[in-house]
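Read through the structure below, which is laid out as structure tokens, and then see the notes.
The values are calculated or read from the model by the stated rules, or taken from the named source; none is laboratory data. In this text the structure is predicted, and so the values were computed from the model without any measurement. Using ideal geometry, Cβ is built from the backbone for each residue, glycine included, and neighbour counts are taken over all protein chains shown.
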Amino acid sequence: MDFSSANKELWGFILTSGVLAILLILGNLLRRKTRFFRNALAPTSVIAGFIGLIVSESGLITLDIDLLHMFTYHGLAIGFIALSLRVPQLHDLKKQKGDGLYNSVNSGMLIVSNYLMQGALGLIITIIASFTFAPGFFKASGILLPMGYGQGPGQGNNIGAMYESYGFVGGQSFGLAIASIGFVWASIGGIGYLYYLKKKNKLPDTAIRHSKDQVEVIFQEDDEVPLSEPVDRLTLQVALIALVY
């Protein structure tokens, strides 16, 4: 294998990973040291994303768009797998024992109904547009609204690329654009809503503690893998996530 700088596929992946890591570290530093970001409850990833957008648009750095698409597609799936493998603590299980099933069913119905409404709204808009002011517009592109806006750039990228094979020119970029709008709304609208809840004193105590950087450090839970094991916790977690993926 060629490990020289001529191998752009190898070093492009490493350099892009390094740039993303630097952006996350810078975002975390700003959130911890700047009162504005800390009081605004802005997540580190959102701060890092906006910094990367500004730096990229200014031309200071150049990132491989296709590689970022790959990072987004795989990263979202890995993130959801990691969240689903998390085991709640014992007191959380006792608290949710009575209404856990109801909350799960209720949340599932809410998510599915939102996707259905988004798909119907997207189809109505694109069909009307194709018959009025945008003749020749790909009518089925309205399905990209729940795929991109609701489910993120991974599905928007895949379905958009699939539509390109059926004649929708720029379908992949269209799906990613819709997904970007969803991320912007989730970032700006979500942070605004959290700030509203904070003003009304409706945020959980844990969220308020974390926003003030008063974090309680727990060295080891009772049911965690002991540090004396030959394989560390991080390696086990990565192995479990990779196995599910």
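Within the set S113, S107, S141, S130, the sole residue that is assigned to a helix (DSSP H, G or I), at pLDDT below 80 and hydroxyl-bearing (S, T, Y) turns out to be S107.
The rows are residues; the columns are (1) outside the structural domain of K198 (by TED's automatic domain parsing); (2) at pLDDT 75 or above; (3) touching a helix residue (DSSP H, G or I) at 6+ places or on another chain (Cβ under 8 Å); (4) not in a helix (DSSP H, G or I).
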residue: D2; (1), (2), (3), (4): yes, no, yes, yes
residue: F13; (1), (2), (3), (4): yes, yes, yes, no
residue: T16; (1), (2), (3), (4): yes, yes, yes, no
residue: L26; (1), (2), (3), (4): yes, yes, yes, no
residue: R32; (1), (2), (3), (4): yes, yes, yes, no
residue: S56; (1), (2), (3), (4): yes, yes, no, no
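Pairing residues of the stretch 146-162 that are within 9 Å of I178 (Cα to Cα) and free of Cβ contacts under 8 Å to residues at least 24 places away in the same chain with residues that are surrounded by 19 or more Cβ atoms within 10 Å (Cβ to Cβ) and of a type in the set (F, W, Y), at Cβ distances under 9 Å and at least 6 apart in sequence or on separate chains, gives G156/Y149; G156/F174. Answer yes or no as to whether I14 is more than 25 Å from G192 (Cβ to Cβ) and of a type outside the set (K, R). In short, yes.
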